[in-house]
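Below: one structure, written as structure tokens.
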Amino acid sequence: MTRRDTILVTGATGNVGRHVVSLLRQAGTPVRALTRDPPAADLPGDVEVTRGDLGAPESLAAAVADVEAVFLLWPSYSVDGAAAAVETLTRHARRVVYLSALQAEDQPDSGWGTVERLVTASGVDWTFLRCGGFATNTLLWADRVRAEGVVRAPYGKAARSLIHEADIAEVAVRALTGAGHGGRAYALTGPEAVTQAEQAHLIGEAIGSPVRFEEQSEAEAREELRAVFGDPALVDASLAYWRGLVTEPEPVTTTVVEVTGRPARTFAQWARDHAADFGGRAPVGSPRVTG
């Protein structure tokens, strides 16, 4: 497939990327999916799946040839290799929609800020999706919910405006295929700030079985998160951030409805969509998205 209106989706097998691929297909837009392991991609047959790795820029030239736009999801906290990858992508594509983070605005030297700066300097038409916390991050609780009916985490009163991955994808597809989004940095959140204790309750409602929230000490949380995140500095920064949300909840924006014309999905809706991940029944007609 070499049609000039093809859109390259990086992170195509992940939570947001699969939704982006699905929405582009529904719109009749040719899609090329970048993945390190094409045989394991499990994408529909009409999606062109190509091998490539953003961490190996030399692998990207064929993937980006003749594409109109790129949905860019940088795959790690490190930005090693980002300059070469962005240069390769923007040498071919006319538009880049980059999945960034709210922190990029106030932390220009962060990984997100660095990639934004590289994309801006390339001269292509760009849109940045500066997202708050992802609702999918609460899948870290899934094993314990299935086994014990418990969420054990620090700062039960920390209030987060977590966003549904499908909302991110809908905004991304608008920016990839429509006019008027160039040069825009969209701050994306869910429609309300919900405490972590209430998130556990809503997961319980979604699966039809009570889920109890147990306050975890910061020391215990630090030990568990180091096994997940790997980087001690990132763990400490995350804990400090969540601690602050007890008294200052995350901001709530209205960008999703402004861009798509439809209100952002609530955390309760996200929990229903992911009930199967927590041991409940998947809602009828709702595909399970993993990755």
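The values are calculated or read from the model by the stated rules, or taken from the named source; none is laboratory data. Note that the coordinates shown come from a computational prediction; the quantities given were computed from them, not determined experimentally. Using ideal geometry, Cβ is built from the backbone for each residue, glycine included, and neighbour counts are taken over all protein chains shown.
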Quick test for you: out of 113, 81, pick the one residue that is out of contact with any strand residue (DSSP E or B) (no Cβ under 7 Å at 6 or more places or on another chain) and either farther than 22 Å from residue 52 by Cβ or polar (S, T, N, Q) (or both).
113
Condition check for residue 6: out of contact with any helix residue (DSSP H, G or I) (no Cβ under 9 Å at 6 or more places or on another chain), at pLDDT 90 or above and either more than 24 Å from residue 131 (Cβ to Cβ) or among the basic types (Lys, Arg) (or both)
yes
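Each row is one residue, and each column tells you yes or no for (1) without any contact (Cβ under 8 Å) to a residue 40 or more places away in the chain; (2) within 17 Å of residue 101 (Cα to Cα).
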{"residue": "143", "(1), (2)": "yes, no"}
{"residue": "152", "(1), (2)": "no, no"}
{"residue": "162", "(1), (2)": "no, yes"}
{"residue": "171", "(1), (2)": "no, yes"}
{"residue": "177", "(1), (2)": "no, no"}
{"residue": "180", "(1), (2)": "yes, no"}
{"residue": "185", "(1), (2)": "no, yes"}
{"residue": "192", "(1), (2)": "no, no"}
What about residue 264, is it at pLDDT 95 or above, in a helix (DSSP H, G or I) and either crowded, with 19+ Cβ neighbours inside 10 Å or of a type outside the set (Lys, Arg) (or both)?
no
Residue in segment 244-256 that is surrounded by 14 or more Cβ atoms within 10 Å (Cβ to Cβ) and assigned to a helix (DSSP H, G or I) present:
yes
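Has segment 121-136 got any residue that is over 23 Å from the mean Cα position of the chain (by Cα), in the same structural domain as residue 276 (by TED's automatic domain parsing) and closer than 30 Å to residue 227 by Cβ?
No, every residue in segment 121-136 fails to be over 23 Å from the mean Cα position of the chain (by Cα), in the same structural domain as residue 276 (by TED's automatic domain parsing) and closer than 30 Å to residue 227 by Cβ.
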